[in-house]
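Asker: I'd like to ask you about the structure that follows.
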Amino acid sequence: MASSLKIPPSLSAYFRAVGDEEQEKATKELHEALKILEEQGLGDKIFFGGDTIGLVDIALGALSYWFECVEEAVGKKVIEPGTLPRLHAWAQNFKQAPVIKENLPDHGRLLDYQKHRREKFVLAKSTAQ
């Protein structure tokens, strides 16, 4: 039987989407991909490796902090307690681990950077049309 698993959409498509219809589509596709990650990768564990932070947690760590700023810049939340509860809990647990918390970049500066990048994409797309 052929697998129905699709290649996950990129975060870039979500970040670059302009207009309500395009943003809704990109947000929905990203949510579906993250749902698979939540269900098949995280399951009922605190971290992807179990009770402690492992290599997969480090690799996906950007979802816990950087992606929050991306969501704010885009204006569409994806990782929320009501829609992706385990992934949201993982992100909160990951950010609160002392070694991670001590090394997070300044939220305001990161948000300003993401907003600036987003504005450039929106402007470029609107002038290209």
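Throughout, read-outs are computed from the coordinates displayed, never taken from laboratory work. Remember, it's a predicted structure, so these values are computed and weren't measured experimentally.
Asker: How big is region 14-128 along each principal axis, measuring the range of its Cα positions in Å and listing the largest first?
Answerer: Per principal axis, max minus min of the Cα coordinates gives 49, 29, 22 Å.
Asker: I've got another one for you. Give the long-range amide H neighbours of V18: residues separated by 5 or more places, or on another chain, with amide H under 5 Å away, using H modelled in the peptide plane at 1.01 Å from N.
Answerer: Distant-sequence amide H within range of V18: Q23.
Asker: Next question. Report ³J(HN,Hα) in whole Hz for each residue of region 12-25, in order, from the Karplus equation J = 6.51 cos²θ - 1.76 cosθ + 1.60 where θ = phi - 60°; Gly and Pro get x.
Answerer: 4, 4, 5, 5, 8, 5, 10, x, 4, 5, 5, 5, 4, 5
Asker: Just want to confirm a number: the relative contact order over the chain, from Cα pairs under 8 angstrom separated by 6+ residues, in percent.
Answerer: So the answer I get is 26 percent.
Asker: Can you give the angle from 0 to 90° between the axis of helix 85-96 and the longest principal axis of the chain, with both taken from C-alpha atoms, to the nearest 10?
Answerer: 80 degrees
Asker: Compute the whole-percent fraction of alpha carbon pairs in region 84-124 spaced more than 13 Å apart.
Answerer: Tail of the P(r) past 13 Å holds 65 percent of the pairs.
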